[in-house]
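Report on the following structure.
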Amino acid sequence: MKRRWLISLLLFSFVFSACQTPSIPDVPTSTPEPGATDIPAATETLAAESSLGVEAEALAGITVDVWHPWYGVPASLFDSQVAEFNSVNSWGILVRARSFQNFTELYEQAGAAVHGPDRPDVVVGLPEYAVEWHAQEAVVDLNPYLSDPVYGLSGPEIADFPAVFWEQDQVGDVRLGMPAQRTARLLLYNQTWASELGYENPPATAQEFQEQACKANLSMRADEDPQNDGRGGWLIDTHPVTALSWLLAFGGGAQESSGFRFLTPENIEAARFVKGLSEDSCAWRTQNLEPLTRFVDRSALFATASLDDLPDLARAFASAGSFDEWTVLPFPGAEGSVLVIYGSSYIMFESDDAEQLAAWLFVRWLLSPENQADWVNSAGLFPLQASTMSLLADYAAGHPQWVGAVNLLPQGHTTPQLAAWRTVRVALGDGFTFMFRVDTPVGQVPTMLAQLDAIVTDLDK
């Protein structure tokens with residue numbers, strides 16, 4: 001596989017060398033599913049009867065092993081939550097957490113252990129991992145747990161999750177996970193500079209985006225510094241989710257039925273648009289400084305960042321002594337705008353009935369609004385439930401751009417619900433990188449997309 005991937009990258013290279021404080025928003029929620037009665041507290045008498053066939057006494061002493069990809073502050077927070085659960089849960093369940101260096105190591109280790117005696121009970125992994133492991137008959141369908149009259153979630157509790165978060169883990173009639181973290185790739189927009197250029201509103205369409213980006217470049221050309229004549233517009237970013245966002249914004253995308261396809265009219269239009277920005281000097285690449293630094297120093301009217309970058313960006317503006325107002329935007333297309341939501345999920349591996357219930361009870365506890373508020377305060381990602389917002393007034397007051405991102409959730413799209421997205425996303429990012437790095441002409445965009453289709457086919461072999 002690794003050799004084929006290197007060959008594909010060489011093919012890519014060959015082809016292209018030749019040629020202000022806001023009010024707290026309401027988080028949009030999903031349509032409630034048929035649910036169960038409200039969950040009783042752990043200390044209450046359970047009047048309903050569970051359909052899971054496990055007596056509460058059978059949970060005492062069960063150990064739940066959880067594997068996750070976090071380190072540093074997130075790992076410390078998770079460890080503290082594990083310790084709290086071990087202390088307060090009334091069933092006598094003991095949770096043990098194991099940290100891996102990153103998602104790749106986690107995927108490899110969990111995949112190797114999927115049917116072994118040392119497999120974990122819960123993995124904090126990407127949804128595409130769950131699709132692959134489900135095909136290996138290793139993942140627990142969580143729908144019976146969600147609908148259980150004693151241990152499940154009620155309809156209003158399910159509706160508390162925004163639809164775009166909830167849908168990512170539902171594949172057909174099977175629920176392969178529960179949201180753990182959700183983030184997005186966002187466009188950054190300097191409102192103060194845009195106002196000076198004559199624009200009072202952010203761009204709502206691709207045409208308006210192009211107009212403002214090119215106007216920013218013209219302002220650079222009009223000054224006395226010839227070194228900045230290529231700057232001013234969108235600071236190019238080829239992150240796979242950025243590339244997918246542009247494709248979706250033009251009505252295209254990566255997934256077609258149960259596979260992938262990139263050579264489509266919509267994707268051609270999207271790729272031609274972003275590459276055309278570069279050819280017209282309305283988008284540019286930075287070689288030295290961090291991209292966010294270039295946004296702060298007004299070398300770019302637009303840049304791209306992840307949700308968790310926003311606190312660092314706010315500090316960078318403060319450190320630079322800049323009073324520019326800036327905000328976040330979705331990716332504009334021909335008729336509307338798009339935001340791609342992605343992130344990790346709690347995935348349960350099959351074991352015995354009692355152990356699976358113990359694992360579910362831990363996952364359910366993690367998803368309480370109080371626990372989720374701790375994660376937002378620590379990591380700056382999306383709140384997973386609307387009810388969490390009532391606990392985040394202080395955070396929202398100090399992070400207006402984060403509030404802006406939360407308000408964009410109705411425009412959210414999910415990443416492809418296919419196991420191969422794990423590798424295809426890398427190919428997509430590399431394809432867009434080559435397109436800019438070797439200065440592929442706009443006319444060669446269909447060739448690039450056809451080559452991307454060929455690479456994806458090779459990856460499936």
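Among the residues of region 262-273, are any surrounded by 23 or more Cβ atoms within 10 Å (Cβ to Cβ), of a type in the set (Gly, Ala, Ser) and at pLDDT 95 or above?
If we filter region 262-273 for residues that are surrounded by 23 or more Cβ atoms within 10 Å (Cβ to Cβ), which is where we start, we get 262, 267, 270-271.
Still in the list and also of a type in the set (Gly, Ala, Ser): 270-271.
From the residues that got through so far, the ones that are at pLDDT 95 or above too are 270-271.
Yes: one or more hits.
Go through Thr440, Thr447, Thr388, Thr423 for me and flag whichever is surrounded by 19 or more Cβ atoms within 10 Å (Cβ to Cβ), in contact with a helix residue (DSSP H, G or I) (Cβ under 7 Å, 6 or more places away or on another chain), among the polar types (S, T, N, Q) and not assigned by TED's automatic domain parsing to the domain that holds Ala159.
On the way: Thr447 fails: surrounded by 19 or more Cβ atoms within 10 Å (Cβ to Cβ); Thr388 fails: not assigned by TED's automatic domain parsing to the domain that holds Ala159; Thr423 fails: surrounded by 19 or more Cβ atoms within 10 Å (Cβ to Cβ).
When all the criteria are applied, what remains is Thr440.
Could you check, for region 243-261, whether at least one of its residues is surrounded by fewer than 16 Cβ atoms within 10 Å (Cβ to Cβ) and under 15 Å from Leu187 (Cα atoms)? Working first, answer last.
Quick first cut of region 243-261, residues surrounded by fewer than 16 Cβ atoms within 10 Å (Cβ to Cβ) only: 256-259.
Now drop any that are not under 15 Å from Leu187 (Cα atoms), which leaves none.
Looking through region 243-261, none of the residues is surrounded by fewer than 16 Cβ atoms within 10 Å (Cβ to Cβ) and under 15 Å from Leu187 (Cα atoms).
Could you tell me how many of the residues in region 154-195 are outside any helix (DSSP H, G or I) and either farther than 27 Å from Asp353 by Cα or within 24 Å of the chain's Cα centre (by Cα) (or both)? Even if it seems obvious, please write down each step before you answer.
From region 154-195, those outside any helix (DSSP H, G or I) are 154, 160-162, 168-190; that's our starting set.
After this cut, where a residue has to be either farther than 27 Å from Asp353 by Cα or within 24 Å of the chain's Cα centre (by Cα) (or both) as well, the list is 160-162, 168-190.
Final tally of qualifying residues: 26.
Taking Asn267 as meeting all but one of (1) of a type in the set (S, T, N, Q); (2) under 20 Å from Gly431 (Cβ atoms); (3) over 23 Å from the mean Cα position of the chain (by Cα), write down the number of the exception.
For Asn267, the exception is condition (3).
When only residues in region 274-292 that are hydrophobic (A, V, I, L, M, F, W, C) and buried (at least 22 other Cβ atoms within 10 Å of the Cβ) count, which is farthest from Ala206 (Cα to Cα)? Don't jump to the end; show me each part of the working.
Restricting attention to region 274-292, the residues satisfying the condition of being hydrophobic (A, V, I, L, M, F, W, C) are 274, 277, 282-284, 289, 292.
In the following step, the residues that additionally are buried (at least 22 other Cβ atoms within 10 Å of the Cβ) were identified as 274, 277, 282-284.
Working: Val274: 10, Leu277: 11, Cys282: 13, Ala283: 13, Trp284: 17 Å.
Ranking the qualifying residues of region 274-292, first place goes to Trp284.
Look at Asp394 and say whether it is acidic (Asp, Glu) and either farther than 30 Å from Leu142 by Cα or within 23 Å of the chain's Cα centre (by Cα) (or both). Give the derivation first.
Working: acidic (Asp, Glu): yes; either farther than 30 Å from Leu142 by Cα or within 23 Å of the chain's Cα centre (by Cα) (or both): yes.
Yes; evaluated as a whole, the condition is true for this residue.
Conditions: (1) assigned to a helix (DSSP H, G or I); (2) under 26 Å from Trp402 (Cα atoms); (3) of a type in the set (A, V, I, L, M, F, W, C). Ala303 meets all but one. Number of the miss?
(1)
Under 7 Å between Cβ atoms, which residue pairs at least 6 apart in sequence (or on different chains) link something in region 307-334 that is assigned by TED's automatic domain parsing to the domain that holds Pro265 with a partner that is assigned to a helix (DSSP H, G or I) and of a type in the set (Phe, Trp, Tyr)?
Leu310/Trp402; Asp324/Trp193; Asp324/Phe317; Phe331/Trp246; Pro332/Phe209
Every residue in region 444-461 that is among the charged types (D, E, K, R), in contact with a strand residue (DSSP E or B) (Cβ under 9 Å, 6 or more places away or on another chain) and in a helix (DSSP H, G or I), please. Working first, answer last.
From region 444-461, those among the charged types (D, E, K, R) are 453, 458, 460-461; that's our starting set.
Right, trim to in contact with a strand residue (DSSP E or B) (Cβ under 9 Å, 6 or more places away or on another chain) and you get 453, 460.
Hit for region 444-461 is Asp453, nothing else.
What residue, among those in region 106-127 that are modelled with pLDDT of 95 or more and exposed (fewer than 13 other Cβ atoms within 10 Å of the Cβ), is farthest from the chain's Cα centre (by Cα)?
Only one residue tops the list, namely Ala112.
Quick test for you: out of Leu247, Leu307, Leu292, pick the one residue that is under 21 Å from the mean Cα position of the chain (by Cα) and modelled with pLDDT under 95. Step through it out loud before you land on a result.
Values: Leu247 fails: modelled with pLDDT under 95; Leu307 fails: modelled with pLDDT under 95.
Leu292 is the lone residue from the list that is under 21 Å from the mean Cα position of the chain (by Cα) and modelled with pLDDT under 95.
For Leu418, indicate whether it is assigned to a loop (DSSP other than H, G, I, E, B) and modelled with pLDDT of 95 or more. Lay out the reasoning, then the answer.
Working: assigned to a loop (DSSP other than H, G, I, E, B): yes; modelled with pLDDT of 95 or more: yes.
Criteria met by Leu418.
Can you pull out every residue in region 54-74 that is farther than 17 Å from Gly343 by Cα and in contact with a Leu (Cβ under 9 Å, 6 or more places away or on another chain)? Lay out the reasoning, then the answer.
Pass one, region 54-74, residues farther than 17 Å from Gly343 by Cα: 54-66, 72-73.
Correct list: Val54, Ala56, Ala58, Leu59, Gly61, Ile62, Thr63, Val64.
So, of the residues in region 314-361 that are acidic (Asp, Glu) and surrounded by fewer than 21 Cβ atoms within 10 Å (Cβ to Cβ), which turns out to be nearest to Asn102 (Cα to Cα)? Quick ask: steps written out before the conclusion?
Residues of region 314-361 acidic (Asp, Glu): 324-325, 335, 350, 352-353, 355.
Then keep just the ones that are surrounded by fewer than 21 Cβ atoms within 10 Å (Cβ to Cβ); that gives 324-325, 335, 350, 352-353.
On the way: Asp324: 35, Glu325: 34, Glu335: 38, Glu350: 23, Asp352: 28, Asp353: 30 Å.
Applying the filter and picking the extreme gives Glu350.
The values are calculated or read from the model by the stated rules, or taken from the named source; none is laboratory data. Since the structure is predicted, the reported quantities are computational estimates derived from the model, not experimental observations. Quick reminder, even Gly has a Cβ in these numbers, built from the backbone with ideal geometry, and neighbours come from all protein chains shown.
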